[in-house]
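Here is the structure we will look at.
The values are calculated or read from the model by the stated rules, or taken from the named source; none is laboratory data. Bear in mind the structure is a predicted one, so any value in this text is a computation, not a measurement. Cβ coordinates were reconstructed from backbone atoms using ideal geometry, including for glycine residues, and neighbour counts include every protein chain displayed.
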């Protein structure tokens with residue numbers, strides 16, 4: 001299967017859908033901020049109704065798997081690597 005590069009905005013969209021399903025709200029009601037820390041790696045903060053939820057790398061990958069399967073109709077169990085790119089920000093690359 002070909003490599004796919006998932007943009008920062010698409011990662012945010014995937015997390016919005018993922019959180020919206022868990023919290024039973026619309027994806028538009030979810031705000032997401034992606035983060036990278038040298039010590040802790042990748043994470044995200046999702047806000048719904050003023051409440052914050054912290055997502056670790058595993059949660060972000062889970063959201064991307066949902067997005068790959070439902071919106072791109074691709075195999076959700078391909079390898080997914082999060083990458084901090086100087087120009088594109090936080091992106092994901094599938095193997």
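Of all residues in segment 5-24, how many are in contact with a strand residue (DSSP E or B) (Cβ under 6 Å, 6 or more places away or on another chain) and either modelled with pLDDT under 95 or more than 20 Å from residue 85 (Cα to Cα) (or both)?
4
So that you can scan it fast, the table gives a plain yes or no per residue for (1) surrounded by 17 or more Cβ atoms within 10 Å (Cβ to Cβ); (2) assigned to a helix (DSSP H, G or I); (3) in contact (Cβ under 8 Å) with a residue 12 or more places away in the chain:
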| site | (1), (2), (3) |
| --- | --- |
| 2 | no, no, no |
| 5 | no, no, yes |
| 16 | yes, yes, yes |
| 52 | no, no, no |
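Please find, among 30, 48, the residue that is more than 15 Å from the chain's Cα centre (by Cα), surrounded by 17 or more Cβ atoms within 10 Å (Cβ to Cβ) and closer than 14 Å to residue 18 by Cβ. Can you show your working first?
Details: 30 fails: more than 15 Å from the chain's Cα centre (by Cα).
Going through 30, 48 in turn, the sole match is 48.
Within the bounds of segment 56-79, is there any residue that is buried (at least 17 other Cβ atoms within 10 Å of the Cβ) and part of a strand (DSSP E or B)?
Scanning segment 56-79 turns up no residue that is buried (at least 17 other Cβ atoms within 10 Å of the Cβ) and part of a strand (DSSP E or B).
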